[in-house]
Amino acid sequence: MKQVVYVASPDSQQIHAFNLHEDGELSLLQTVEVPGQVQPMVASPDSRHLYVGVRPEFAVLTYHIHHDGRLEQGGMAPLPGSPTHLGIDLQGRYVFSASYSYNNVSIHAIGDDGVALAPHQVLEDLQAPHSANINPTNQLLMIPALKEDHIRLYDFSLKGEANAHDPVQLSTAPGAGPRHMAFHPNQHFVYCANELNGTVDVYQKDVTRGEYHAVQTLDIIPADFTGDRWTADIHITPDGQYLYASERTSSLLAIIKVSKDGSELELVGHHATQTQPRGFNIDHSGQYVITAGQKSDEIEVASIDKATGKLTTLKHYPVGKGAMWVTIIELHA
């Protein structure tokens, strides 16, 4: 398996690309100077294109991914707000850009050349949307609106149009602040990291009606923690056994064991990582967690213990300033 790790560093306007070797070592492949403060990134399902949100001139950039993982800029499309998170549908036909500050989510078709186009729809009146997530059916768009304490739901059509779902939302605890989401590989459960109260909510999909309902809320913060809770990112291993979530104030990753059917979470520990870990990701083999430190200007590679889910730091690597997003692709011949 050949994998490439991309790290976005907005303060130095750079993307660092690394080869990820089977032993967890990274080797620098390319440093890309980006025309703007690069923030969220998402790769196409076929690993041929990387979409990148930039500011202060709000835009989504398309980079073509060469056979060796190197990037070449291929286009730029305008955004209606500062990009906070980018998502993509499962067929690689549409990019979603959530703007926390501008209270909207824009939908962009992708051309035959893989380049994201100007938005054809903008969902307005969302209070601080922090991500846009397509569910495993590719027919339901789930948007955590942090200041609403709701996950807003939209039916998503083959033509790339989003319309309010019935019901229109899932509700969290008051003051939770829903932020990022991760879907279990079995497609029956989705997990939402809540920024402001340091919890993860578990939602189960009803097998008959197809609707989601909450089944558990797990506190992921250490018992002796006394600071402001500031949860950020969440990811699940490819086999669905372990879930990880980052907490920025304490610079920790929460290690969470997932039950066999995906319905129940158990906090099993914490891992001290890079300073202010806003973004991290898990490689496609499920062996490594790579975490960016927004205040350390480094990334950490940690190995996953398959028996316990616990993490062991392997090595740190310098990147750009304010590193905050990690995207990992598997290269295909």
Counting only the heavy atoms of the protein chains, how much of Tyr288 is accessible to a 1.4 Å probe, in Å² to the nearest 10?
20
How would the chain be classified by its alpha-carbon gyration tensor: rounded, prolate or oblate, with rounded meaning a/c under 1.5 and the a/b versus b/c comparison settling the rest?
rounded
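Which GluC sites (Glu not before Pro) does segment 32-85 hold that lie in a coil by DSSP with at most 15 other beta carbons within 10 Å? Walk me through the numbers on the way to the answer.
On the way: sites: Glu33, Glu57, Glu72; in loops: Glu57.
Counting only loop positions with at most 15 other Cβ atoms within 10 Å, the GluC sites (Glu not before Pro) in segment 32-85 are Glu57.
Report, to the nearest whole %, how much of the accessible area of the chain belongs to carbon and sulfur atoms, 1.4 Å probe, protein only.
That share works out to 47 percent.
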Hey, for a label at Val168 modelled as a point 7 Å past Cα toward Cβ, could you say which residues of segment 204-241 have their backbone N under 18 Å away?
212
About its Cα centre, what dipole magnitude does segment 165-315 give when the only charges are +1 on Lys and Arg Cβ and -1 on Asp and Glu Cβ, stated in debye to the nearest 20?
160
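Using a 1.4 Å probe and counting only protein heavy atoms, arrange Thr249, Thr217 so the residue with the most accessible area comes first. Write out the running numbers ahead of the final one.
Details: Thr249 65, Thr217 90 Å².
Reading off the accessible areas and sorting them downward yields Thr217, Thr249.
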Greater than 19 Å apart at Cα, pairs in Lys295/Lys321; Lys2/Lys321; Lys2/Lys257; Lys257/Lys295; Lys2/Lys295
Lys2/Lys321; Lys2/Lys257; Lys257/Lys295; Lys2/Lys295
Straight-line reach only, C-alpha to C-alpha below 28 angstrom: list the lysines that Lys260 could link to, leaving out same-chain residues fewer than 8 apart.
Lys205, Lys306, Lys310
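Hey, could you grab the Kirkwood Rh for segment 1-66? Inverse mean 1/r over distinct alpha carbon pairs, Å, one decimal.
Details: mean 1/r = 0.0808 Å⁻¹.
So the Kirkwood estimate lands at 12.4 Å.
Mind checking the dipole of segment 1-124: about its Cα centre, +1 per Lys or Arg Cβ, -1 per Asp or Glu Cβ, Debye to the nearest 20?
Numbers: 5 positive and 13 negative charges, 44 e Å.
Using only the charged Cβ atoms, the result is roughly 200 debye.
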Size of electric dipole in the chain: Cβ of Lys, Arg +1 and of Asp, Glu -1, about Cα centre, debye, nearest 20
140
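For the full complex of protein chains and a 1.4 angstrom probe, list Lys2, Lys321 by accessible area with the highest value first. Intermediate values should be presented prior to the final figure.
Details: Lys2 145, Lys321 115 Å².
Ranked list, largest accessible area first: Lys2, Lys321.
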For the chain, what is the accessible area per residue in Å² when the probe is 1.4 Å?
40
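The values are calculated or read from the model by the stated rules, or taken from the named source; none is laboratory data. The structure presented is a predicted model; accordingly, all values stated were derived computationally and were not measured. Ideal geometry is used to build each Cβ from the backbone, glycine not excepted, and the neighbour counts take in all protein chains shown. Please note that ligands, DNA and RNA were not included when accessible areas were found on the heavy atoms of the full protein model with its side chains. Shrake-Rupley method; radii C 1.70, N 1.55, O 1.52, S 1.80 Å.
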